[in-house]
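The values are calculated or read from the model by the stated rules, or taken from the named source; none is laboratory data. As the structure is a prediction and not an experimental result, all values here were calculated from the model. Don't worry about glycine lacking a Cβ; one is built from the backbone with ideal geometry, like all the others, and counts go over all protein chains shown.
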Amino acid sequence: MKLRYPSRISLRLLAFNVLLVFLPVGGVLFLDTYERHLLVAQERTMAQEGRLLAAAIEAYDRFDGDDAQRILVQLEQRHLARLRVVGLNGKVVADSALLGPRLENGETAVPAGETQAASEKSLLYRLGSLPFRLLRGTIRESGSEHDTDISSDLLSRPEVQSALDGRYGAATRISPAPRRSVTLHIAIPVRVEGAVEGIVLVSQSTGRILQALDAVRLDVFKVFLLSLGAAVVLSLIAATTIARPLARLRQRAGDILDRRGRLKGGFAASARRDEIGDLERALAELTRQLEQHLRSTEAFAADVSHEFKNPLASIRTATDMALEDVEPGERRRFLGMIQKDVARMERLLSEAREISRIDADLDDEERTVVALDELLSALVESFRLRNADCGIQFDLALADAHVGVEASADRLTQVFENLIDNAISFSPPSGRVTVTLRTAGDTSEVTVADEGPGIPDEHRDRVFGRFFSYRPDDDAGSGHTGLGLALVRAIVESYGGRIEAKPRGGGGTKMVVVLPLAGR
Amino acid sequence: MSERIAVVEDEQNIRDNVAFAFEREGYRVDTYGDGLTAWEAFQQELPELLILDIIMPRMDGLELCRKIRSVSENVPIIFLTSRDEEFDRVLGLELGADDYLCKPFSMRELLARVKVLFRRIALGREATSGPEEELLRVGNLELDLRRYTARWGQTTIGLTVTEFMILHALARRPGHVKTREQLMNEGYPHDTFVSDRTIDSHIKRIRKKFVAVDDSFNGVETVYGLGYRYTEEPS
């Protein structure tokens, strides 16, 4: 058993499918942009709350811890962020966190951290978020200025420093592990008569936003895993339905040629209804035709060699006899016989060569519109001249003029010359050979009729076969190779026509050639 | 009285030449251009020997042979074949041809075969054993050199003349290797244009005929690269 490697097509399919699955995963990166927007919105909200508180304190025209505390109490925890009011000495004078929990849930760092921790417990999440955590780790760390600044000295914080200078200050800090969470800190100066008297600190964990986004990421990751599984399964299915049959076809193609490069067997016709089935059927047809072609070539070669044996045997026996002690007259007869047989073999060779090349030759030939009526007139006239003294009469009946057939004039001449020659050879002395031309629909029909003995029914279809010759009263060495009509048929069929042998009314044979008219 | 030979062959030149040659030797020859005409004539009187072509119009040589064998099992029949496959068919069909020659054949070879076949017939009429009997015995094999017949134990093996001559050449000196060329000279003493593949197919047929009688027959051994030899089995 041969080791089975996954085929290249299977691997490629798998790669494509898996890549497609990764595309939505890439979309997760866009979530980061979304996250940034959310954080900006959160900061703005916090800044507003801070400014409102600062404005409320400023409204007293003095900075007093009790005022601040009162305002915070009056807010009744309806604000979103933790609000603290810090004096210039860094002391917290009011802290919303000390007044009880805020109304909205999940906004304090603690419960957010808990939920996040819960989801982080999931192995799936840890696995999926690993690359993102790595990525975020590098980005965040470079983005945060003093993430390790956790000193309790509020005044040393950068945002507080900016507020003390009368500016707006903001900073993001990451509380250290294990309860990692990001908190946004905003410091807003409280001015009394133009001077900074205190600072409003607004802080809120970004946990809710990050948690929501992480939940989305987790979902995307789940979808990714499902898609990955589906991609693998689909690839395997595709591999079995495409790559496997293709591999089988390749195997079969390798088996079709044996070691000596000979064709043996063929493709089995497939019942598949897809493209692979089509391919299989096309290959089956190809090999079938190839085999048929090879067989006919082999059969032809065998036929030719067989046809050579007879004249060879004749020559050999005649030679044997001529070498014997025979009368000079007999010797002359044998030598004449040899001469005729040599000529016959020569003709056989050239005709065999011609017939085996006819298809290739006809493809190369230039075809023009040949006027059949003119061609036949000229041909019959030349036969009349050549056979003037043998008493055979030639009749030509042209029912139509200007009958054009797309063909090579030489080949058509060959066809009708052959047929008329045949008719003459079968004709009794002073017989009549009749050539007629007529058109019917979009075809032309030429008949060549003789008054010879006719062809018996059982041979009528075989006369066009190669090497079939039916000449009951033939004299030896008349030189008929049995290829003439085969050649005629090959030519006629290559022009899209057909030829038939029919009995002629009143005895004899009628050869009917039907050719399509040009331009129809 | 001279023997009557019938030549059935559609190739007129061959027909005429064969007839001419045999008439010169003093035989009476009837010629026919196809099987059917010949068969019609044979209804009246069967000739004493037939030379048949295989591929002929109307009735081929094989069909004619079958018909003749249904009437007479003994009349010698020589086939003239132009294909090796035809050769195999003649034998494969167990038509009981006495010999066959491939076209183009040598006229002298044909004449010699006909003489052998007539001798076989003539001696067949005599008693099977006599003082002038020439027998070659090698183990179970017994060759009658005058009648050109072979026996394996008690069973007569129907060998053609050519097969007999090849087997005789081998069995004459058991254990000695004969090359294909030597066998060609023995099998076709009057013909120098025989292909060595012909010898291989004759050997194949000889083996087949003996194996049909005795499964364990292994007398004709192939010596690769050299030829064949007859191995004398322990009897």
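Restrict the check to region A:466-481 and report whether at least one residue is under 47 Å from the mean Cα position of the chain (by Cα), modelled with pLDDT under 85 and not in a strand (DSSP E or B). Looking for residues that are under 47 Å from the mean Cα position of the chain (by Cα), modelled with pLDDT under 85 and not in a strand (DSSP E or B), one finds at least one in region A:466-481, hence yes.
Taking region B:95-112 as the range and being charged (D, E, K, R) and within 18 Å of B:S195 (Cβ to Cβ) as the test, the residues that pass are B:D99, B:K103, B:E109.
The rows are residues; the columns are (1) farther than 21 Å from A:A318 by Cβ; (2) crowded, with 21+ Cβ neighbours inside 10 Å; (3) touching a Cys at 6+ places or on another chain (Cβ under 6 Å).
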position	(1), (2), (3)
B:I5	no, yes, no
B:D10	no, yes, no
B:V18	no, yes, no
B:R24	no, no, no
B:Y27	no, no, no
B:T37	yes, no, no
B:E40	yes, no, no
B:L46	yes, no, no
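Comparison of A:A360, A:A352, A:A343 shows that the only residue that is assigned by TED's automatic domain parsing to the domain that holds A:F300, loosely packed, with under 12 Cβ neighbours inside 10 Å and either closer than 23 Å to A:P516 by Cβ or in contact (Cβ under 8 Å) with a residue 24 or more places away in the chain (or both) is A:A360. Among the residues of region A:428-451, the ones that are surrounded by fewer than 21 Cβ atoms within 10 Å (Cβ to Cβ) and on the phi < 0 side of the Ramachandran plot come to 13 in all.
Listed here are the strands (runs of 3 or more DSSP E) enclosed by region B:144-235 that have at least 3 residues being surrounded by 14 or more Cβ atoms within 10 Å (Cβ to Cβ): B:149-152, B:227-230. Put simply, of A:G254, A:G277, A:G329 the only residue that is within 14 Å of chain B (Cβ to nearest Cβ) and loosely packed, with under 15 Cβ neighbours inside 10 Å is A:G329. Applying the set (1) within 14 Å of the chain's Cα centre (by Cα); (2) within 14 Å of chain A (Cβ to nearest Cβ); (3) at pLDDT 85 or above to B:T198 leaves exactly one unmet item: (3).
Any residue that is touching a Gly at 6+ places or on another chain (Cβ under 6 Å), closer than 15 Å to A:M511 by Cβ, touching a residue at least 12 places away in the same chain (Cβ under 8 Å) and in the same structural domain as A:G484 (by TED's automatic domain parsing) - is there at least one of those in region A:377-392? No.
In this structure, A:R331 does not qualify as at pLDDT below 80 and charged (D, E, K, R). Out of all the residues in region B:24-80, which are within 30 Å of A:V326 (Cα to Cα) and aromatic (F, W, Y)? Within region B:24-80, B:Y27, B:Y32, B:F79 qualify. When A:R44, A:R70 are checked against the criterion of being closer than 30 Å to A:V192 by Cβ, surrounded by 12 or more Cβ atoms within 10 Å (Cβ to Cβ) and of a type in the set (K, R), a single residue qualifies: A:R70. For the residues B:L141, B:L159, the requirement of being in contact with a strand residue (DSSP E or B) (Cβ under 8 Å, 6 or more places away or on another chain), closer than 18 Å to B:D200 by Cβ, touching a residue at least 40 places away in the same chain (Cβ under 8 Å) and of a type outside the set (D, E, K, R) singles out B:L159. Of the candidates A:L312, A:L335, the single residue that is assigned to a helix (DSSP H, G or I), out of contact with any strand residue (DSSP E or B) (no Cβ under 6 Å at 6 or more places or on another chain) and at the interface with chain B (Cβ under 9 Å from one of its Cβ atoms) is A:L312. Just checking, does region A:342-364 include any residue being under 27 Å from B:A21 (Cα atoms) and facing chain B (nearest Cβ under 8 Å)? No: region A:342-364 contains no residue that is under 27 Å from B:A21 (Cα atoms) and facing chain B (nearest Cβ under 8 Å).
Residues that are hydroxyl-bearing (S, T, Y) and under 44 Å from the mean Cα position of the chain (by Cα) were ranked within region A:282-309; the one that is farthest from the other protein chains (Cβ to nearest Cβ) is A:T287.
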